[in-house]
Amino acid sequence: MRRLLPLLLFLSAAGCFGFDAPTDRRLRGIPLDPDEPGPEAARCRFRMSVDSPMLAGEFEGVVVARRSRTDPVLRAQLFGDVGPKFAEILARPDRIAGYFPQTREGIDCSLPREASPHLLLFVGASLVEEFLTRVDRTRVTGVREEGEETWLRLRPSIPGTECHVSRNGTAKKRRFSWMTGVHWMEEWPTPDEARITAPNVSIRVRILERTHPSAETLATLDLKLPEDVRIVAGSRK
């Protein structure tokens, strides 16, 4: 263990390498979210195209999010072009759960302890960053210039993840790394279009509608996995 300690310290510091301190001077002119909070609730309908060796097809979905400072949470449902519900996901910074109704395969991961490579976990992490977080001054931990782009390193919304963001007007990019060798990129050329890429995976998203209902009108966003769902990542809660 003593021999491993210097290596572990080096690896923990590696994520900080290459980023400058986020001083007021370095952040001048970089678009950040305003200090005041936005709407507490959000609802979004979208269309998604997936191309990968394990999964391919066209899907429509809906996300409902509550951006409470004390209990942020979202629910997402995906439906295939033909047939019943394809997937259901619950995501919050400390837990991601979900399942595929057709195969009865599911996950229920307390984070970061039970983080495990799985498609639903990565989708949930991207949804948390998009719907439950803000890029304000309190989250910026580093700044780096890469060519003509300025990248911000953010305080992670989910413990154990590394998230960088670059903004140019209404366009933005995000890149994530999580666990050993797991990484993916989001590119948003407009607020309503996105492409998500990872090794052997390409996902295109088009936002169809965004609304901000009253938080009091939201139904419960909790998700209880059916008893017959087989848990393949995490443990039954």
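Only the coordinates and a few stated rules stand behind these numbers; no lab work does. Not measured: the values here are computed from a predicted model. Neighbour counts run over all protein chains shown; Cβ positions are idealised from the backbone, glycine included.
Annotations for the structure displayed:
- The relative contact order of the chain comes to 22 percent, based on Cα pairs under 8 Å that sit 6 or more residues apart.
- For the peptides 91-101, 206-216, the ranking by mean Cβ contacts within 10 Å, running from highest to lowest, is 91-101, 206-216.
- Residues of the stretch 21-40 with amide N under 20 Å of the 7 Å Cα→Cβ point at N168: 27-33
- Two-site label geometry, E193 and F79: point separation in nm, points 7 Å out along Cα→Cβ: 2.6
- Set of lysines near K85 by C-alpha distance (under 18 Å), chain-local residues within fewer than 8 positions excluded: K224
- Angle of helix 4-14 to the longest C-alpha principal axis of the chain, folded into 0 to 90 degrees and rounded to 10: 90°.
- From its DSSP helices (H runs of at least four residues, each -39,500 (n - 2.57)), the chain gives a residue-normalised ellipticity at 222 nm of -3500 deg cm²/dmol.
- Hull shadow area, averaged, the chain [alpha-carbon convex hull, nm²]: 15.0
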